[in-house]
1. Can you pull out the GluC sites (Glu not before Pro) in the stretch 144-180 that DSSP calls coil and that have at most 11 other Cβ atoms within 10 Å?
2. Label-point separation (nm) for E145 and R157, each offset 7 Å from Cα along Cα-to-Cβ?
3. Among L61, L169, L16, determine the one that fluctuates most according to a GNM of the chain built with springs between C-alpha atoms less than 10 Å apart.
4. Rounded if a/c is under 1.5, else prolate if a/b is larger than b/c, else oblate: which is the stretch 124-169, with a ≥ b ≥ c the root eigenvalues of its Cα gyration tensor?
5. Just the C-alpha atoms of the stretch 92-136: what Rg/Rh do they give, with Rh taken as the Kirkwood radius?
6. Give the long-range amide H neighbours of C230: residues separated by 5 or more places, or on another chain, with amide H under 5 Å away, using H modelled in the peptide plane at 1.01 Å from N.
7. For the stretch 92-207, compute Rh as the Kirkwood radius over C-alpha pairs and then the Stokes-Einstein diffusion coefficient at 4 °C and 1.567 mPa s; write the answer in µm²/s, rounded to an integer.
8. A220 to S237: extension gain in nm, 0.36 nm per residue of separation minus the Cα-Cα distance?
Amino acid sequence: MTNKMNEELRERLKFLRLPGLITQWEKVLETANRAQPSYCKFLREVIDQEYLVKRERARVLRLKKAQIPEHVVMETYPFDRQPKINKRQVLEIYDSRSYILKNQNIALIGPTGVGKTGLGIAYLIQAINQGYSGRFVEFADLIDELYQTMADHSERRVFSRFLKYDCLLIDEMGYYEVETKAQAGLLFRLLRQRKKCTIVTSNLGFSEWESFLKNAQLTAALLEKFTANCHFINMLSCKSITPKQIPESGK
């Protein structure tokens with residue numbers, strides 16, 4: 001009996017969306033002919049293999065949709081170059097996955113160049129690798145996108161998209177000042193409605209957020225909501241490191 005797949009079978013597997021079985025057909029049958037497993041075991045192995053292929057494709061697709069600018073994982077983060085960071089705290093949050101399992105926020109606060117974005121991305125990638133959806137967005141781009149919804153009446157659709165992400169990383173809060181009360185209000189609405197993990201990086205401490213949000217009352221309300229269930233990682237005393245010192249992972 002030949003192990004070659006005929007065109008009719010190929011088309012049926014395509015219809016059933018079983019790409020792993022299509023590419024591995026000859027290898028699967030060759031292994032089965034050699035090992036002679038029971039029908040039950042053989043079927044289980046085929047299903048398991050297809051499951052792993054689809055799961056990996058879904059993971060790669062989630063990473064692509066997350067729009068992450070650089071792929072940094074915790075295993076390659078240069079803690080040796082940041083001796084003042086609370087490494088134990090950082091790894092406890094990461095290893096326990098409490099931020100994603102318990103829908104907790106993370107705030108990474110420190111000056112430019114200390115590796116806040118890299119740490120935030122490491123948390124985001126871990127969540128995505130664990131099967132959750134995620135998105136990276138710079139603060140300025142987020143404000144612009146939210147503000148644009150008022151002009152084209154896409155507010156409900158855009159808000160729904162950002163609210164659905166299991167893990168949302170907002171990078172560089174504080175490098176851009178909102179121009180209108182409406183912009184600040186949209187940000188407040190988004191963060192107030194989010195029930196899932198939100199990670200923010202900022203060069204400014206919480207006491208300085210009013211300087212870029214331009215609204216004392218709204219800033220106080222936003223911080224009260226955001227910090228109610230939040231891990232605060234203080235990087236204010238850390239030294240600057242270059243991007244080359246934070247190696248990217250394999251995608």
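1. E179
2. So the two model labels end up 1.4 nm from each other.
3. Of the options given, L16 has the highest mean-square fluctuation.
4. It comes out oblate by the Cα gyration axes.
5. When Rh is taken as the Kirkwood radius, the ratio is 0.97.
6. Result for C230 returns N105.
7. Working: Rh = 14.6 Å.
For these conditions, the coefficient is 88 µm²/s.
8. 3.6 nm
Every number here is computed from the coordinates shown, using simple stated rules; none is lab data. Owing to the predicted nature of the structure, the values given are computational and were not obtained by experimental measurement. When we count neighbours, we look across all protein chains shown, and the Cβ atoms used for this are built from the backbone with ideal geometry, even at glycine.
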